[in-house]
Amino acid sequence: MIDSIIAFNREFVASKGYEKFLTSKYPDKKLAVLSCMDTRLTELLPAALGLKNGDAKIIKNAGGLVISPFDSAMRSLLVAVYELGVNEIMVVAHSHCGACHMSFKEFEAHMVQRGIQPEVFDMISRCGIDLDHWLEGFHDTEESVRKTVDTVKNHPLMAKDVVVRGFIIDSTTGGLEEVK
């Protein structure tokens, strides 16, 4: 698959397919969106929000969460605010998310099936990493959005004038509901 992508890319560049996507690194709408990496949202999310290329910084991860105040999602949001001029943040989870009810035990079984030795889990645990917590999903989408919004709003490094709001998007229709 990757070789096919590379071949396509060479043709894309040669035919100047990139020209219609030219924009600056600064988001025109001064907006950042933290959302899930779910494939159903790849085109649906920006279309449903009325966003086009260059409008917003879109940060994606499994679940659209900030799971730790110093994880990469939070770092990206801070970069968006302080280096790229963002003044509003939308946390957008979605219906039927695969990260909801994700179980570390199932995750662990899949890793072992793919060749990860059980001793690796013990070694990581001895290093102080709680894999069960790190790879566990959430059980309530609204609550996960609330927690992420709270973490972002109350982060010691987040500017207090940044607007942070949470939403759930319907992964079929694109309908958006605010989480209060």
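Consider ASP150 against the criteria (1) out of contact with any helix residue (DSSP H, G or I) (no Cβ under 7 Å at 6 or more places or on another chain); (2) within 19 Å of LEU41 (Cβ to Cβ): it satisfies all of them except one. Which criterion is unmet?
Among (1) out of contact with any helix residue (DSSP H, G or I) (no Cβ under 7 Å at 6 or more places or on another chain); (2) within 19 Å of LEU41 (Cβ to Cβ), ASP150 violates only (2).
Taking the condition exposed (fewer than 10 other Cβ atoms within 10 Å of the Cβ), assigned to a loop (DSSP other than H, G, I, E, B) and either of a type outside the set (A, V, I, L, M, F, W, C) or free of Cβ contacts under 8 Å to residues at least 60 places away in the same chain (or both), does LYS29 pass?
Details: exposed (fewer than 10 other Cβ atoms within 10 Å of the Cβ): no; assigned to a loop (DSSP other than H, G, I, E, B): yes; either of a type outside the set (A, V, I, L, M, F, W, C) or free of Cβ contacts under 8 Å to residues at least 60 places away in the same chain (or both): yes.
Here the answer is no, as LYS29 does not meet what is asked.
Which one of these is modelled with pLDDT of 95 or more, in the same structural domain as GLY175 (by TED's automatic domain parsing) and either part of a loop (DSSP other than H, G, I, E, B) or under 29 Å from ASP132 (Cα atoms) (or both): VAL86, VAL112? I'd like the intermediate steps shown before the answer.
On the way: VAL112 fails: in the same structural domain as GLY175 (by TED's automatic domain parsing).
Just one listed residue meets the conditions, VAL86.
Hey, can you tell me all the residues within region 154-180 that are assigned to a loop (DSSP other than H, G, I, E, B), among the acidic types (Asp, Glu) and within 18 Å of the chain's Cα centre (by Cα)? Steps first, answer last, please.
Within region 154-180, the subset assigned to a loop (DSSP other than H, G, I, E, B) is 154-162, 170-175, 180.
Still in the running and among the acidic types (Asp, Glu): 161, 170.
Answer for region 154-180, where residues must be assigned to a loop (DSSP other than H, G, I, E, B), among the acidic types (Asp, Glu) and within 18 Å of the chain's Cα centre (by Cα): just ASP170.
Only one residue in SER103, SER76, SER68 is surrounded by fewer than 16 Cβ atoms within 10 Å (Cβ to Cβ), of a type in the set (S, T, N, Q), touching a residue at least 12 places away in the same chain (Cβ under 8 Å) and closer than 20 Å to TRP134 by Cα. Which one?
Details: SER76 fails: surrounded by fewer than 16 Cβ atoms within 10 Å (Cβ to Cβ); SER68 fails: touching a residue at least 12 places away in the same chain (Cβ under 8 Å).
One residue alone meets the criteria, SER103.
Of the residues that make up region 29-47, is at least one more than 14 Å from the chain's Cα centre (by Cα), among the acidic types (Asp, Glu), farther than 30 Å from GLY98 by Cα and assigned by TED's automatic domain parsing to the domain that holds ASP150? Don't jump to the end; show me each part of the working.
Kept after step one, since they are more than 14 Å from the chain's Cα centre (by Cα), are these residues of region 29-47: 29-31, 43-44, 47.
Pick out the ones that are also among the acidic types (Asp, Glu) and you get 43.
With farther than 30 Å from GLY98 by Cα added as a condition, the list becomes none.
Among the residues of region 29-47, not one is more than 14 Å from the chain's Cα centre (by Cα), among the acidic types (Asp, Glu), farther than 30 Å from GLY98 by Cα and assigned by TED's automatic domain parsing to the domain that holds ASP150, which makes the answer no.
One residue is enough: does region 145-153 have a residue meeting the conditions in contact with a strand residue (DSSP E or B) (Cβ under 8 Å, 6 or more places away or on another chain), assigned to a loop (DSSP other than H, G, I, E, B), closer than 16 Å to VAL33 by Cα and modelled with pLDDT of 95 or more?
No, because not a single residue in region 145-153 is in contact with a strand residue (DSSP E or B) (Cβ under 8 Å, 6 or more places away or on another chain), assigned to a loop (DSSP other than H, G, I, E, B), closer than 16 Å to VAL33 by Cα and modelled with pLDDT of 95 or more.
The values are calculated or read from the model by the stated rules, or taken from the named source; none is laboratory data. Nothing here was measured: the structure is a model prediction, and the numbers come from that model. Ideal geometry is used to build each Cβ from the backbone, glycine not excepted, and the neighbour counts take in all protein chains shown.
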